[in-house]
1. Does Val91 satisfy the criteria of being open to solvent by 40 Å² or more (accessible area, probe 1.4 Å) and among the hydrophobic types (A, V, I, L, M, F, W, C)?
2. Among all residue pairs at least 6 apart or on different chains, which show Cβ distances below 6 Å where the first residue, located in the range 11-26, is hydrophobic (A, V, I, L, M, F, W, C) and the second is assigned to a loop (DSSP other than H, G, I, E, B) and open to solvent by 60 Å² or more (accessible area, probe 1.4 Å)?
3. Looking at the range 219-258 only, could you name the residues that are in a loop (DSSP other than H, G, I, E, B), more than 18 Å from Ile187 (Cβ to Cβ) and free of Cβ contacts under 8 Å to residues at least 40 places away in the same chain?
4. Of the conditions (1) touching a residue at least 60 places away in the same chain (Cβ under 8 Å); (2) polar (S, T, N, Q); (3) more than 30 Å from Leu136 (Cα to Cα); (4) not in a helix (DSSP H, G or I), Ser208 satisfies every one except a single condition; which number is it?
5. Condition first: closer than 14 Å to Arg230 by Cα and either of a type in the set (Phe, Trp, Tyr) or open to solvent by 100 Å² or more (accessible area, probe 1.4 Å) (or both). Now tell me which residues in the range 273-288 satisfy that.
6. Which of the residues that make up the range 4-13 are within 21 Å of the chain's Cα centre (by Cα) and either under 18 Å from Phe78 (Cβ atoms) or surrounded by fewer than 19 Cβ atoms within 10 Å (Cβ to Cβ) (or both)?
7. Quick one: in the range 130-154, of everything that is in contact with a Pro (Cβ under 9 Å, 6 or more places away or on another chain) and within 26 Å of Ala256 (Cα to Cα), which residue is most open to solvent (accessible area, probe 1.4 Å)?
8. Out of curiosity, is Ile187 within 30 Å of Leu141 (Cβ to Cβ), modelled with pLDDT of 95 or more, touching a His at 6+ places or on another chain (Cβ under 8 Å) and crowded, with 21+ Cβ neighbours inside 10 Å?
Amino acid sequence: MRVYDPIPETLNALRGTNIEIILDVPNRNLESLASDAATATDWIQRNIIAYSPDVRFRYIAVGNEVDPNTDKSQYVRFVLPAMQNIYNAIVASGLQDQIRVSTATYTGLLGNSSPPSEGSFLENVRQFVDPIIGFLAQNNLPLLVNVYPYFSYIGDTVNIPLPYALFTATDVVRDHDLEFRNLFDAILDAHYSALERAGGPNLQIVVSESGWPSEGGTAANLDNAGTYYRNLIDRVRGGTGTPKRPGNAIETYLFAMFDENLKEGDETERHFGLFYPNQQPKYQISFN
């Protein structure tokens, strides 16, 4: 499970459940954690040590979708030093083998994603992402990436068939010697290509978000969303990896548990939940 804010009620509810979690450092906290190592040590003490080992922390995501080209650009210079301070605090606590430190990025940082073998980061984000990639590679840490075939599809419905986005396509898309049968794999491998070009050829990617909205926009309905979630689960549980990284498990987190009915932004943003706000399930989904 991914928890986007270290809210005590949430973390206390997870005690003893054996559920492993990604815990986010919210963007609003990045500046203070980057500026002062003692603040990072205190953050780890209050939000990790105080709940461990009753709560099983798997990753700490230091910032989410920070991007020099969006309204989150104000956080760019704080991500890496915050990561370093959080990582050092984890090491000082002796938890570095249990809890991995990273940041969550997204496809918006790619300048080219098609074909996947030509994936690369935008030139004006390289100064931001390259040092982060170097830090992750140096410490054998993964990169968290939010992967949304839905947004890629609605951005180019002329060239991207809906079945390709929903894992139901029968045709194969060829990229040199690689064969792609779905958009999820293509997006993921575009990130791997971008990492190779940025000095991180051996980095592992954890898919920290992926989902499909059930209403509010193009192709956003219960049938498509249910199809996407079920096929995504089947795809990542298969253990076959992607065309570029075959044989590697694709650790993936579904977005989201509940519809965020009060969320700002496009209408689709309020309809990514597997459950309605009243806790009733939208889909018949099995993880077995």
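The values are calculated or read from the model by the stated rules, or taken from the named source; none is laboratory data. Everything quoted here is computed from the prediction, not taken from an experiment. All Cβ positions, even for glycine, are placed from backbone atoms using ideal geometry, and neighbour counts span all protein chains on display. Please note that ligands, DNA and RNA were not included when accessible areas were found on the heavy atoms of the full protein model with its side chains. Shrake-Rupley method; radii C 1.70, N 1.55, O 1.52, S 1.80 Å.
1. For Val91, the condition - open to solvent by 40 Å² or more (accessible area, probe 1.4 Å) and among the hydrophobic types (A, V, I, L, M, F, W, C) - is met.
2. What qualifies is Ile19/Met1; Ile21/Met1.
3. Result: Asn221, Gly239, Gly247.
4. It fails just one condition, (3).
5. Within the range 273-288, Tyr283, Gln284, Phe287, Asn288 meet the criteria.
6. Tyr4, Asp5, Pro6, Ile7, Thr10
7. Tyr153
8. In short, no.
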